[in-house]
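Input: a single structure, listed below in structure tokens.
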Amino acid sequence: MRMPRPSSGRLLRAAAAAGAVTALTAALAGCATDVTRPRVEGSLGPVFANLYVHQQTLLGHPGLTPAAVAARPTCHRTTPGSHDKGAGSDWICQVGWTDGTGRPQNGKFELQVRSNGCYQAGGPSKIVGPIMIRDTAGTSVINPVFEFDGCFDTT
Amino acid sequence: MTVAVPAVEASGLVKRFGARTAVDRVDLRVDVGEVYGILGPNGAGKTTFLRMLFGLIRPDAGTLRVFGRTWGEAGPRMLDGVAGFIESPRFYPYLSGRRNLNLLAGLDGGGAGSRIDAVLDVVDLAGRADDKVGGYSFGMRQRLGVAASLLRDPRLLVLDEPANGLDPAGIRDMRALVRRLAAGGLTVLLSSHNMDEVEEICDNVTIMRTGRVVYHGSIDQLRAQAPDPSHRLLTSDDAQALRLGGDHPAVSVSAHPDGGLVLRAQPADADAYILALGQAGVAVRALHLEVAPLESLFFMLTETDPAAGHDVPAQAQPDALTGAAS
Amino acid sequence: MTTPATPATTATATAAAPVPPAAVHPRPVGRGRVATAYRWEVTKLAAQARTRATLAVCLLAPFVFVVLLDRQDRLPKDTLYGRWVHASGFATPLLILGFAAQWVFPLLTSLVAGDIFASEDQHGTWKTILTRSHSRSQIFWAKTLAAATFTTAVLTVLALSCLTAGVLLVGHQPLESLSGTLLPPGRAAGLVLAAWATALPPLLGFTALGIMLSVLTRSSPAGIVGPIILGLLMQLYAFLNGADTIRHLLLVTPFDAWHGLLAAHPYYGPLRDGTFVSVGYLVLCLAVAYTALRRRDITGG
């Protein structure tokens, strides 16, 4: 029969080739990672600033701009030997910013960063408020900075 | 007057499946207008040959021309004007017979769509055409297969064991249908393992066994070479009947291993012998045909040593057989 | 017969000669045959209950999903836009897009692509169609185009249905971008549709994967389940934070490319890379499937 299905020999060769390619790529992969400290910090700052402006508007303090908030995150991973890169739920970011009254604020954010460049950040509720807040009309709405998502370019 | 381009012309055709040679150096020619039979027991290579004809499998060696075209030259256009089915015809069970034909007519193009009602009538399926094929009996599917072939308005109709799996009435209808189609000028190539069928329908025949051609020629020629019909004979006095057999050189009478006698003779000679039995006071209790003559020839051809058969030129085969049969 | 002029054959031919041979009928020319076969395959797909049911589910499921979600207090916060499903109707299609990429997309496309070749094996109908003057290449491209058509149709129906369900049942409030800014409804609607459109290249990659498995295994279950399992394994690899170089080569990675569109300053790098990867899968799988189908002996059925 003229090989209508791959023979076991061919399958074996294909599997060996696939294994070799995988091993080679894995060896190369150690060099680069998509999730790096500059990328995380570069994304978290503007995202938090935008959401903080949004939250202040909900609470009746309009007129604030993201530039005035000037969020400055400093991030690192708590796992030893992680060299502050790679996906994980152990990212901690210390964020400093300026609030609506001009006072400096500082809070610790916990981040779960996924390998696709998206993360979920949880803010300190003592500073940013609880999960639900009341807007100026008295309606209970989601607090945008209590927990939020963000993504950055991994290419 | 001869037709220049044969409908089918195979030369030196070989197909191997692993170590097994399914078709071994087969030569075959089907002229336009004839009904040609490929006869052989199961596994003789008939279906493999027909699959190659339809381009479903590729020959390992040799050439195959259909109306003068090969796969290499014409690709699927080699099948223009050719229709038929291999083994049992298959359809989409979740669609009605008419819908199946509709789909196939769409593939065929041309005027195939306008022939659907006509071909359903030809195979006597018009009444059930709107039922799902999943609910069809084997015979109905077989008839739908013929209808699907006729849709192409073919010049050559190829049928692989068309009567396979049919009940006696279905077999009778199928044979009548093939004869009717052939009478209309269609070239028919059919395979069968049944000598009766081929004898009834075909003009010419190729007999195959284990991938090789062991005989080809016309049915008339084959019939002339066939051994005498063999009968089972029960009498009131077998010993006396055996002795009387010695007085009739045109008949051969011998003891049957299961009791009774075996009578081999042409009908006229058998009649004379039976009458002689009566005159001698031996009553005939039973006389029935055991093996039809062509069938016994077929068994001889397909059950002898293939090595002995193959290298003998085809034209010499009937002579060799005559020797074996007498 | 090696020598055709044997007395018997000549006699038969002579006897048959008075009957005029049937007229030669014109057949469709080669270039139209893929189109003919494509129409045949689409008609066949449209007649299958499975095809209709899949499209019906794509049309109705988003509405059911939104209604069920509305009755829940807990928000599906693990998926992007999960926390905004009650705040904006535009979050619904994006949440479903993120969720569907996990295994729904491979399932939807392989339902047809994984079966489209194997079903001919299952019904034994290869010989029925290949004996009708169509080449295997023509049938291959017709079936591939039909599977791609179905994939595109499913994606379109699902995208529009999700958007409609969100806007009708939740509303057209402004949508939070992935950078924390608010997008006005018109722009949000456009971005939602664009985000769904970015799923087409990897989805066609999965279609090709299904086609390849369908041809190679000749089994519908393998053709349908195979892409789903491969998709899940790829998800698992990404979830376990495997090496990023390999992750970039996985067919599920392009499903995340839409994130770049929803940023305040959109970035298109993942979309570009993802499209290359998808096209790579497409070409490779189709080449393997095409070669296998061309070389195969049709012996079954």
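Here are some notes:
- Between chain B and chain C, the total buried accessible area stands at approximately 4700 Å², from heavy atoms with a 1.4 Å probe.
- With DNA, RNA and ligands ignored, accessible area of A:Phe48 (1.4 Å probe; Å², nearest 10): 0
- Lysine pairs in the protein assembly as shown whose alpha-carbon atoms fall under 25 angstrom of each other, counting only those eight or more residues apart or on distinct chains, come to 14.
- Structure remark: mean-square fluctuation, Gaussian network model of chain B, C-alpha springs under 10 Å; the largest value among B:Pro93, B:Pro41, B:Pro162 belongs to B:Pro93.
- Taking the alpha carbon gyration tensor of region B:230-291, multiplying each eigenvalue by 5 and rooting it gives semi-axes of 14, 14, 11 Å, largest first.
- List of region C:269-301 residues, accessible area with partners at least 20 Å² below that of the chain alone (1.4 Å probe): C:Pro270, C:Arg294, C:Arg295, C:Asp297, C:Ile298, C:Thr299, C:Gly301
- Measuring heavy-atom accessible area with a 1.4 angstrom probe and counting protein chains only, the residues of region C:108-140 that give up at least 20 Å² relative to the chain alone are C:His123, C:Thr125, C:Lys127, C:Thr128, C:Ile129, C:Leu130, C:Thr131, C:Arg132, C:Ser133, C:His134, C:Ser135, C:Arg136.
- The accessible surface of region C:29-295, taken with every protein chain in place and a 1.4 Å probe, is 71 percent carbon and sulfur.
- Accessible surface area normalised per residue over chain A is 51 Å², counting heavy atoms of protein chains with a 1.4 Å rolling probe.
- Acute angle (nearest 10 degrees) that the helix C:136-169 long axis makes with the longest principal axis of chain C, alpha-carbon atoms: 20
- For the chain pair A and C, buried accessible area totals roughly 2800 Å², probe 1.4 Å, rounded to the nearest 100.
- Local electrostatic count, B:Val291, Cβ distance below 11 Å [Lys/Arg +1, Asp/Glu -1]: -1
- Debye intensity ratio in log₁₀ form over the Cα atoms of the protein assembly as shown, taken at each q of 0.06, 0.07 Å⁻¹: -0.57, -0.69
- Here chain B exposes an accessible surface that is 51 percent carbon and sulfur, computed with a 1.4 Å probe and the other protein chains kept in place.
- Across region B:230-291, the relative contact order, built from alpha-carbon pairs under 8 Å that are at least six residues apart, equals 49 percent.
- Rounded to whole Hz, the Karplus (6.51, -1.76, 1.60) HN-Hα couplings of region A:129-138, x for glycine and proline: x, x, 4, 10, 10, 9, 7, 4, 7, x
- In degrees, nearest ten, helix C:220-239 long axis to first principal axis of chain C (Cα): 30
- Of A:Ala14, A:Ala137, A:Ala87, the one that fluctuates the most in a GNM where chain A has Cα springs shorter than 10 Å: A:Ala14
- Normalising the average separation of contacting C-alpha pairs (under 8 angstrom, six or more residues apart) by the number of residues puts the relative contact order of region C:152-275 at 27 percent.
- With all protein chains kept in place, the per residue accessible area of chain B amounts to 40 square angstrom at a probe of 1.4 angstrom.
- Remark: region C:29-295 carries 39 Å² of accessible area per residue (probe radius 1.4 Å; ligands, DNA and RNA excluded).
- Between 0 and 90°, nearest 10: helix C:200-217 axis offset from chain C longest Cα axis: 40
- Residues of region B:26-44 that lose at least 30 Å² of accessible area (1.4 Å probe, protein heavy atoms only) when the other protein chains are present, relative to their chain alone, are B:Asp27, B:Arg29, B:Asp31, B:Val32.
- Convex hull volume per residue for region C:29-295, taking Cα atoms only, in Å³: 136
- Percent accessible area from carbon and sulfur atoms, chain A, protein chains only, probe 1.4 Å: 60
The values are calculated or read from the model by the stated rules, or taken from the named source; none is laboratory data. Small disclaimer: the values here were computed from a predicted structure and weren't measured. Here the Cβ is made from the backbone with ideal geometry for all residues, glycine too, and neighbour counts use every protein chain on show. Ligands, DNA and RNA are stripped out before the accessible areas are found, and what is left, the full protein with its side chains, is counted by its heavy atoms. Shrake-Rupley method; radii C 1.70, N 1.55, O 1.52, S 1.80 Å.
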